Amino acid sequence: MSGVSALLGVSRTVADLERAEAFYRDGLGFTRVAPPEPVPPPILEAMGLGEARATRLRMGLGAQAVDVLAFDPPGAPYPAERAATDPIFQHIAIPVRDMDAAMQRLGALNPEPISHGGPQRLPASSGGVTAYKFRDPDGHPVELIHFPDGPAAARWRAAPGLFLGIDHSAITVSDREAAIGFFTSLIGLAIDGRGLNSGPEQERLDGVPDPEVDVIGLAPPSPTPHVELLHYRRPAARTRSGPVFGPRDRATTRLVFAAPDPDGLAARLRGGGHAVTLSRDGSAAYAAGPDGHGMLFLREG
């Protein structure tokens, strides 16, 4: 199967690289991997923006990375009306060693909260984690998460520092089975966990009334970071009128996968009825999932 081998990281569109860097550095412990640089032409071509002017800054946290992209001219801002049930919702989850210390450092930047009432300790039936959700300066969701024990805690035990890395990126989907089929049958991820979260703690964490949400973990062959699907049984996932957001718009976060054969993967996706764009040299491909979440597939090596 021409699938993916790893989730390399995420790529977020921002308005101002310096502002984004300061937030992720000062509030979340990221460090600059390389100076700002033009976005490589194959990536722009794959995203259908071959003539665009765009700059990329890569930031690392432990073994994981986030790319922030700024376009000139910029696209649309992140919508003012937004919620965790909106299919544009996509967070990155950052495990922390000490939630109180992490909140103190983050609090100095006063980010927009998603969660109500501070960090929430979820019941054992929902994993027993402590988590807090908020937005970066461009509106992109971020989650801090503390794993008390179990395999997830063990996975991060050896990581240094207060902010340990990127555990996963979670996306809200409107059709659970369509999303599972896309990511497993076409992309090549494997289901590695399922849960159904609800209750007052989940309500405060997500900032939506009386939620009941399927949480489905999907792992590539190299399992960290991984993808999570969030499917809200209630409130139902919101639908948006108007144009779909594109890579230039700040409501977009792209999952960046390593793919041994982008051309073969593109053929699989097209066979499944999904539009795919390839770069001229075949090293990069871009597609959108069933709810419009962007995915970039980069040839390994």
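Per residue, the average separation of C-alpha pairs within less than 8 Å and at least 6 apart gives the chain a relative contact order of 26 percent.
If the chain linking Glu37 and Asp210 were pulled fully straight, counting 0.36 nm for each residue of separation and taking away their Cα-Cα distance, it would gain 57.8 nm. Between Thr184 and Asp26, full extension at 0.36 nm per residue minus the direct alpha carbon distance yields a gain of 53.2 nm. Between Pro111, Pro141, Pro151, where does the largest GNM mean-square fluctuation fall for the chain, given springs only between Cα atoms within less than 10 Å? It is Pro151. Rounded to 0.05, the FRET efficiency of the Ala154 and Asp72 pair, given R0 = 51 Å and the Cβ-Cβ distance, is 0.70.
Placing unit charges on the Cβ atoms only, positive for Lys and Arg and negative for Asp and Glu, gives the stretch 90-234 a dipole magnitude near 260 debye about its Cα centre. Within the set (i) 24.0, 90; (ii) 18.0, 51; (iii) 23.8, 79, the number that Rg and Dmax of the Cα atoms in Å takes when calculated for this structure is listed as (ii). Computed about its Cα centre, the charge dipole of the chain is approximately 140 debye, with only Lys, Arg, Asp and Glu carrying charge at their Cβ.
All of the numbers you see were taken from the coordinates with simple rules; none came from a lab. What you see is a predicted model, and the numbers here were worked out from it, not measured in a lab. Counting neighbours? That spans all protein chains shown, and the Cβs are built from the backbone with ideal geometry, glycine included.
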